[in-house]
Structures are given as structure tokens and as C-alpha cells.
Amino acid sequence: MGETAARPLRADAERSVRLILEAAERLLSRDPGASMEQIAAEAGVSRTTIHRRFAHRQALTDALALSAARQLAQAVDDGRPATAPPLVALHRITANVLEVKGAWTYALSLPATPDSEAATLHATMAERCITVLDRARAAGLIDASADLHWLQRVYYALLGETLHGNPADDEADPDALAARVVETFLHGAGVRG
């Protein structure tokens with residue numbers, strides 16, 4: 001992938017890469033067929049700058065996917081999946097993930113190239129999800145006989161619906177949304193008693 005993977009960048013180069021990636025996210029979310037030149041214009045950089053940083057469009061989308069995956073992995077890690085009390089970890093991770101996924105919808109929709117750093121990060125995040133669910137089960141928050149891999153899929157579906165579900169839902173606070181997701185995940189729609 002161009003210079004971004006080859007060696008550390010100077011501060012001004014890092015800033016231009018960040019601007020390009022943020023502009024690519026905004027523009028490609030609206031127009032997935034946008035050209036490199038349109039992305040450069042959106043970022044406020046020259047065509048030569050974008051081509052110097054990313055040799056071709058695939059290099060740009062790979063960098064976009066990797067940047068988003070890194071941010072998402074950091075969001076999961078910040079929730080302390082292995083050390084925080086399970087309910088706290090589940091809530092914190094959910095809020096963090098909703099915030100990152102909301103900001104990087106296009107980038108996180110890109111399939112990770114097999115054996116890439118992004119694919120490794122996604123696999124690690126899946127493992128951390130199972131860790132939190134296993135700890136929640138051990139704490140009695142989840143039934144002892146529950147299939148954790150099935151619950152992981154349900155949790156992911158709740159996250160997806162929260163981000164892309166009802167456009168009329170005006171609740172945007174990640175903590176409030178996380179509380180709703182965790183409550184639904186742990187208790188469903190059954191009668192409280």
C-alpha cells in the first residue's frame with residue numbers, strides 16, 4: 001500500500017493522510033464511485049499529494065479499512081474486555097463501538113483483505129467479544145448453557161440495527177444507545193419481574 005505502510009510519516013504527511021482518509025470516508029459514503037481526484041478535492045489536498053500517499057484507489061481503500069479497524073480495535077480495548085466488570089465492559093465497549101462505527105460506516109463496510117492487518121484486528125475483536133460474553137456468563141448475566149457464538153451474532157445484529165435501523169430514531173448519544181443495546185441483549189423484550 002504506498003508510503004503509509006512503508007515507514008513512519010512526518011507530522012505534516014500524517015496530517016495529510018488523516019485528512020485524505022476522513023475525506024474519503026465522507027465522500028465514499030455518499031458516492032462509492034468517487035474518483036481519487038474528487039477525494040483529493042474533498043480533503044483539500046492536491047491530486048499529486050493523494051497519489052503520492054496512495055499509488056492507486058485500492059491502496060486508499062485498504063488504508064481506509066485499516067485505519068477504521070485500528071480505531072475500532074482501540075475502542076474495544078478501551079472497554080477493558082478482560083479486566084473491567086463484565087457489565088461495565090459490555091456497556092463501555094458497546095458505546096465505544098457505536099461511536100466509531102457511526103463515524104466510519106463506509107470504511108467498516110469494506111471487506112478486510114485476508115491475511116491483512118485489518119483482518120487480524122477484526123479476528124482479535126471477535127475473540128475479545130467472546131471473552132466479554134464468557135465473563136458475563138461466569139458472572140451470571142448470561143445463562144450458563146448459552147451458545148456464546150450465537151450470542152455474539154445477536155449482539156452484532158443489535159449493533160447493526162442500532163446504527164442502520166430506524167432513521168426516525170433521533171437518539172444519538174452513544175451511552176444511551178449502548179444502554180438500550182445491552183438491556184435488549186441481556187433481557188430481550190420479556191416481562192421484567
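Read-outs throughout are calculated quantities, based only on the coordinates presented, and are distinct from any laboratory measurement. No experiment lies behind these values; they were computed from the predicted model shown. Positions of Cβ are backbone-derived with ideal geometry, glycine not excepted, and every protein chain shown enters the neighbour counts.
Observations, loosely collected:
- Spin-label zone in the stretch 87-111 - amide nitrogen under 17 Å from a point set 7 Å from the Cα of ASP175 along the C-beta vector: 87-100
- Mean Cβ count within 10 Å, highest first, over the residues of peptides 142-151, 66-75: 66-75, 142-151
- In this rough spin-label picture, where each label sits 7 Å from Cα along the Cβ direction, the GLU37-GLU127 distance is 4.6 nm.
- Average Cα contact separation per residue, the chain, under 8 Å, 6 or more apart, as relative contact order %: 20
- Length available on full extension from ARG70 to TYR156: 0.36 nm per residue minus the Cα-Cα distance, which gives 29.2 nm.
- Over all orientations, the chain has a Cα convex hull whose mean projected area works out to 12.7 square nanometres.
- Gyration tensor over the Cα atoms of the stretch 80-193: the corresponding equivalent ellipsoid has semi-axes (square roots of 5 times the eigenvalues, largest first) of 23, 20, 12 Å.
- Multiplying the residue separation of HIS164 and ARG30 by 0.36 nm and removing their Cα-Cα distance gives an extension gain of 46.8 nm.
- All other residues whose Cβ lies under 12 angstrom from that of THR120 are scored, Lys and Arg at +1 and Asp and Glu at -1, for a net of -2.
- Taking the square roots of 5 times each eigenvalue of the Cα gyration tensor of the stretch 1-105, largest first, gives ellipsoid semi-axes of 30, 15, 10 Å.
- R0 of 41 Å, Cβ-Cβ distance GLU14-ASP143: FRET efficiency to nearest 0.05: 0.30
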